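Heads up: the structure comes next, in structure tokens.
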Amino acid sequence: MKSKAKNGTKCFIRFATIAIVEDGKRFTLKVLPVTPLSATENIVKELITYVKHFVSIRVVLLDRGFYSNDVIKQIKKAKVKYVIPAKKSDKVKEKMQEAYENGPITYAMSKGETYTLTVTKEENDKLLPYATNMNNTKPHAIHEFYEHRFGIETQYRVKNKFFGKTCSKKYSIRYAFFILAITLYNLWVLLNILERGKKGLEPGKIPIKVDQLKHIFRKIIYRSAPI
């Protein structure tokens, strides 16, 4: 996929993931490759359909890149609650102040889909618009729900610590390395759950650090633990 230049290249490998963002249980449940031919709404459909076999979805939290008529239409078909930051188009900007002052309003997108536009304000007085179907939920609660999604960014930082290093440009190799990193990450999450249970610790505690687990992996692979 082409994007903004970084480290001397404009071409990147992209994946879509779906993960639990509950403290202490942040498992990544599925990964999908994203290509120039991928339809975002189909990716969302496949991810949600898959995880429904394993977990009860309380609310789907998507980043702004998923804000579109077709994605919202697909989420409605999945019959799940959702929260997405609304892109500040001219039309959304016109409605933001009204939604903030008078409460959530029904917003119609240019291609016909509707959602509830709910708006909160940051400490710097910046308005934050959200697209949602949680009609009976207060705006501040919608914002608090969405803040849990930032756990995804934390997950990626941890996964990168498990990511193998390769100079290969082959997609299959890069994909295999990414899947392996997520597998090791999920194992790390599971081991911490078990360790917290043994010690009676709260969900936010991390008794087993990433470097400790990597040290164990090195001992298993090399029969020693090189630094």
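Please arrange Lys81, Lys214 by accessible surface area, largest first, computed with a 1.4 Å probe and ligands excluded.
So the residues, ranked largest to smallest area, are Lys81, Lys214.
Roll a 1.4 Å probe over the protein chains and send me the accessible area per residue for segment 102-176 in Å².
Value returned for segment 102-176: 62 Å² of accessible area per residue.
If you build a Gaussian network model of the chain, linking Cα atoms that sit under 10 Å apart, which residue out of Thr28, Thr120, Thr166 swings the most?
Thr166
Given R₀ = 30 Å, what would the calculated FRET efficiency be for Asn160 paired with Lys126, taking r from the Cβ atoms and rounding to 0.05?
Efficiency for this residue pair is about 0.50.
For segment 5-95, what is the accessible area per residue in Å² when the probe is 1.4 Å?
60 Å²
What does the helix-only formula give at 222 nm for the chain: each DSSP H stretch with n ≥ 4 adding -39500 (n - 2.57), the total divided by the residues, and the result rounded to the nearest 500 deg cm²/dmol?
Values: 7 runs with 98 residues, N = 227.
Taken over the chain, the calculation gives -14000 deg cm²/dmol.
Set Lys and Arg Cβ to +1 and Asp and Glu Cβ to -1, take the dipole of segment 127-172 about its Cα centre, and tell me which of Thr137, Val158, Leu127 lies farthest positive.
Val158
May I ask you to compute the full-extension gain from Lys73 to Gln97, defined as 0.36 nm times their residue separation minus their alpha-carbon distance, rounded to one decimal in nm?
6.1 nm
If you keep only loop residues by DSSP, which GluC sites (Glu not before Pro) in segment 6-53 have at most 15 other Cβ atoms within 10 Å of their Cβ?
Taking segment 6-53 and a limit of 15 other Cβ atoms within 10 Å, the loop GluC sites (Glu not before Pro) found are Glu22.
Calculate what fraction, in whole %, of the accessible area of segment 56-141 sits on carbon and sulfur atoms when a 1.4 Å probe is rolled over the protein chains.
On the way: 2110 of 4960 Å².
C and S fraction of accessible area: 42 percent.
Anything in the chain that counts as a DSSP H helix reaching 20 Å or more along its axis (C-alpha) with Kyte-Doolittle mean of at least -0.5? List them, would you?
On the way: long enough: 171-199 (42 Å, 0.70).
Span-like helices here: 171-199.
The values are calculated or read from the model by the stated rules, or taken from the named source; none is laboratory data. Keep in mind it's a predicted model, so treat the numbers as computed, not measured. All Cβ positions, glycine included, derive from the backbone under ideal geometry; neighbour counts span all protein chains shown. Ligands, DNA and RNA are excluded from the accessible area calculation, which covers all protein heavy atoms including side chains. Shrake-Rupley method; radii C 1.70, N 1.55, O 1.52, S 1.80 Å.
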